[in-house]
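**Q** Structure below; questions to follow.
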């Protein structure tokens, strides 16, 4: 930072390897990260520092709880503005502070950085809305120097339903009569396991079998609560108290096994218009999203290349 001090610099430092598979190692980074932050914030007049994560804790026993699910979807984001920029843009600085309580994403951070760069010719005076839109019309994200709407939705922010943290969750329960999950939940999970086994290269990976379902919730994405009432006699046609079209999502946490090795997955499945009289469900015809919520790098490092199979590694246990 001290070399060519008058020359503008940009640095993106991303740390993952030391702790991505085991958060217990995080504490070992406390002192190095503290020292680094002290160095980059030493020039308070000129340096803009953004400290962020791409996601929260994704593994460990806490991840199976609703709080753990929420924390995974709320990564840290902290922004320290240069003193010179704050003095020249008091109104925009207050907007940035107020947006700390709004729904924002890293796409917004990207647009905010562009806002700063485009304003360089103004000597730290940020472009106003008219000037900014003449220079840039972002396809995704908003500058955080302007107020973010209080009622911004995940859809507005470009957040996929699977990652949306602004949903009301309704816990689904096993039947008190037979101890079984609703049939449509079982259908979805069985179809998910079949889809995984079809996708993974069998010459490298072992076949997965369903172990058990840990939890299931309905995820309601709008302000009108849709309540699960019941299902048909076969349990395959879920019924709700309103005709809501946007809220019919189900989140299921389930475990599979390859031999004795457990795999823990979460799936978000859009059940709008879902109904089947068939014995099997083809999940590919529906909107869904998988997350692996336990460690897997050690299971695939010997057979699946991260460059050749980047999306399939989380589903594989090498032969």
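No value in this document is a laboratory result; all are computed from the given coordinates. Note that the coordinates shown come from a computational prediction; the quantities given were computed from them, not determined experimentally. Here the Cβ positions follow ideal geometry from the backbone for every residue, glycine too, while neighbour counts run over all protein chains shown.
**Q** Along the Cα→Cβ direction, 7 angstrom out, place labels at residue 37 and residue 54. What is the inter-label distance in nm?
**A** If labels sit at residue 37 and residue 54, their model points lie 2.1 nm apart.
**Q** Just want the ordering: 119, 155, 11, from fewest to most Cβ atoms lying within 10 Å of their own Cβ.
**A** The order, fewest Cβ neighbours first, is 11, 155, 119.
**Q** Still on this model: Quick one: length gained pulling residue 12 to residue 128 fully straight, 0.36 nm per residue minus the C-alpha distance?
**A** In short, 39.1 nm is gained.
**Q** How would 73, 63, 140 line up from fewest to most surrounding beta-carbon atoms within 10 angstrom?
**A** With the sparsest Cβ surroundings first, the list reads 140, 73, 63.
**Q** Let me ask something else about it. Please compute, over every Cα-Cα pair in the stretch 61-172, the percentage with a separation greater than 18 angstrom.
**A** Tail of P(r) above 18 Å: 55 percent of Cα pairs.
**Q** Under the 0.36 nm per residue contour assumption, what length would be gained going from the current alpha-carbon distance of residue 74 and residue 102 to full extension?
**A** 8.9 nm
**Q** On a full-extension model of 0.36 nm per residue, what is the gain between residue 30 and residue 257, subtracting their alpha-carbon distance, rounded to one decimal in nm?
**A** Once the chain is fully extended between residue 30 and residue 257, it gains 78.1 nm.
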